[in-house]
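J.: Structure below; questions to follow.
The numbers here are math on the coordinates, done by the rules we state, and not lab data. Every value quoted in this text rests on a predicted model; they were computed, and no experiment measured them. When we count neighbours, we look across all protein chains shown, and the Cβ atoms used for this are built from the backbone with ideal geometry, even at glycine.
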Amino acid sequence: MSRRNARTTPARPARPALTPDSPCPCGLDAPYGACCGRFHAGPATAPTAELLMRSRYSAFVARDEPYLLRTWAPRTRPADVDFDPALRWTGLDIEETGDGTPFHQHGTVTFRARYRQGGAAGELHERSRFERHEGAWVYVDGEFLD
Ligand SMILES: [Zn+2]
């Protein structure tokens with residue numbers, strides 16, 4: 001076997017591997033394992049609507065479908081989550097929160113989530129609604145703002 005033939009191209013992972021020590025995708029200054037990762041692993045649940053929103057964003061990054069489905073209100077939950085293989089989430093900014101604290105039953109989170117899709121940059125600007133289901137925050141639905 002010649003040297004040239006022995007060379008292999010390392011397989012590029014479809015997405016960056018998320019380890020407990022990775023910076024958390026949600027943008028908080030914490031490692032993934034101590035931030036959204038502890039909610040993804042369970043049984044800990046997000047104490048506020050904002051932290052649930054952040055953990056769901058991170059779950060989209062990690063393509064963690066079971067987490068997304070179990071943090072979706074049963075009345076609006078889809079059968080499955082479609083992950084666009086051409087879409088890569090690149091950042092999250094929380095703009096505003098309404099209620100959604102440990103003392104509320106409902107809450108809203110307004111955010112911008114940035115992504116790249118087929119080489120083009122895009123942004124999702126949404127106000128999401130959350131409520132408590134069996135004590136834990138779940139996502140209900142959202143309205144697009146742009
Ligand atoms: Zn996080």
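J.: Given the conditions (1) among the polar types (S, T, N, Q); (2) touching a strand residue (DSSP E or B) at 6+ places or on another chain (Cβ under 7 Å); (3) touching a residue at least 40 places away in the same chain (Cβ under 8 Å), report the number of the one that T101 does not fulfil.
T.: (2)
J.: Can F103 be described as away from the ligand (no atom under 16 Å from the Cβ), farther than 25 Å from L18 by Cβ and of a type in the set (A, V, I, L, M, F, W, C)?
T.: Here the answer is yes, as F103 does meet what is asked.
J.: So, one more: Only one residue in P74, P20, P78, P25 is buried (at least 21 other Cβ atoms within 10 Å of the Cβ), outside any helix (DSSP H, G or I) and touching a strand residue (DSSP E or B) at 6+ places or on another chain (Cβ under 8 Å). Which one?
T.: P25
J.: Of all residues in segment 33-66, count the ones that are crowded, with 22+ Cβ neighbours inside 10 Å, in contact (Cβ under 8 Å) with a residue 24 or more places away in the chain, within 10 Å of the ligand (Cβ to nearest atom) and over 14 Å from L92 (Cα atoms).
T.: Going through segment 33-66 one residue at a time, the tally reaches 1.
J.: Please go through (1) in a strand (DSSP E or B); (2) closer than 17 Å to P25 by Cβ; (3) among the basic types (K, R) for R129 and return the number of the only condition it doesn't satisfy.
T.: (2)
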